[in-house]
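The values are calculated or read from the model by the stated rules, or taken from the named source; none is laboratory data. Predicted, not measured: the structure shown is a model, and the values here were computed from it. Note that we place each Cβ from the backbone using ideal geometry, even for glycine, and neighbour counts take in every protein chain shown.
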Amino acid sequence: MSVFEVVAIILAGLAAGTINTIVGSGTLVTFPTLLFFGYPPVSANVSNSLGLVPGGMAGAWGYRHELRTLGPMVRRLAPASFAGSVLGAVLLLVLPPAAFEAIVPILILIALLLVVFGPRLSKWAANQHADHLTPGRWVVLILGILVAGMYGGYFGAAQGVLLLGIMSILLPLGIQQINGIKNVLGMIVNLVAAVVFLIVAPGVINWTIVLLISIGSLMGGVIGARVGRAMHPNLLRAVIVLIGTVAIINLLVD
């Protein structure tokens, strides 16, 4: 492995950790980078998921102030992310890539629409249901988190956008609080998927790649939390839409 390759992978991890903490879609930086250097797709995807875990932890810790009153809600949502990530990781190992990736651009587009119209719909929902969630909305929220977890366990790119879109509609919270929850759930998905890969298919993991991406993503998580928390909500939504749109274009081109 050349010095250029080492530096490029660390920088990709740095960018991914930063983007994941602010919005999501960091995998769209690291995964193509690994493919560029000739790593097999499945090995690159699995190693990338494991390498992004430290960045997710750093990002979640960076949003601890926004999360200090949301512990009960996170604990109710976490099992859905856990179950979804296990299912998604298993799907990655047993299904052909085209079976799931074909719907990825559609999922991201729906998520972007939810983010854009989320404030209006959330305001409408708040007027209808005050400051609480009805049982029906909880069911839809849990199912949405489960599907996002499956997607994240399978591939991961733009999982954050999906989570932000779903929660923007259904949770009576500000975008920064929702982003904090997103970081915790995204961290859970990456961690659980990585554990599944370790148990089921340890031979596909490239530990050098894991180490390099971990170094970069850890720094990126710290940077992303500082940048994301300082953003005005409208600017954060604009960044979400921009990155999500780029994600759709990249996936369609690929």
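Close Cβ contacts (under 9 Å, 6 or more residues apart or on different chains) running from residues in the range 1-23 that are under 11 Å from THR33 (Cα atoms) to residues that are surrounded by fewer than 17 Cβ atoms within 10 Å (Cβ to Cβ) and aliphatic (A, V, I, L, M) comprise ILE9/MET1. Can you tell me which residue in the range 123-139 is modelled with the lowest pLDDT, limited to those that are closer than 26 Å to ILE188 by Cβ and among the small types (Gly, Ala, Ser)? Among those that are closer than 26 Å to ILE188 by Cβ and among the small types (Gly, Ala, Ser), it is ALA125.
The rows are residues; the columns are (1) of a type in the set (S, T, N, Q); (2) closer than 22 Å to ALA238 by Cβ; (3) modelled with pLDDT under 90.
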| site | (1), (2), (3) |
| --- | --- |
| SER81 | yes, no, no |
| LEU107 | no, yes, yes |
| LEU113 | no, yes, yes |
| PHE117 | no, yes, yes |
| LEU121 | no, yes, yes |
| LEU141 | no, no, no |
| GLY156 | no, no, yes |
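Only a single item in (1) within 20 Å of ARG68 (Cα to Cα); (2) surrounded by fewer than 20 Cβ atoms within 10 Å (Cβ to Cβ) is not met by ASN179, and it is number (2).
Yes/no per residue for (1) small (Gly, Ala, Ser); (2) in contact with a strand residue (DSSP E or B) (Cβ under 8 Å, 6 or more places away or on another chain); (3) closer than 23 Å to VAL246 by Cβ:
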| residue | (1), (2), (3) |
| --- | --- |
| THR18 | no, no, yes |
| THR27 | no, no, yes |
| VAL42 | no, no, no |
| GLY59 | yes, no, yes |
| ALA89 | yes, no, no |
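The number of residues in the range 226-254 that are closer than 14 Å to LYS182 by Cβ, at pLDDT 70 or above and β-branched (Val, Ile, Thr) comes to 1. Of all the numbered requirements in (1) among the hydrophobic types (A, V, I, L, M, F, W, C); (2) assigned to a helix (DSSP H, G or I); (3) within 20 Å of ALA230 (Cβ to Cβ), LEU173 misses one, and that requirement is (2). Pairs are defined by a Cβ separation below 8 Å, a sequence spacing of at least 6 or placement on different chains, a first member in the range 88-101 that is more than 18 Å from GLY144 (Cα to Cα) and modelled with pLDDT under 85, and a second member that is among the polar types (S, T, N, Q) and in a helix (DSSP H, G or I); the pairs so defined are LEU92/ASN45. Across the range 182-209, the qualifying residues are those that are farther than 29 Å from ILE166 by Cβ and of a type in the set (Val, Ile, Thr), and the one among them that is surrounded by the most Cβ atoms within 10 Å (Cβ to Cβ) is ILE209.
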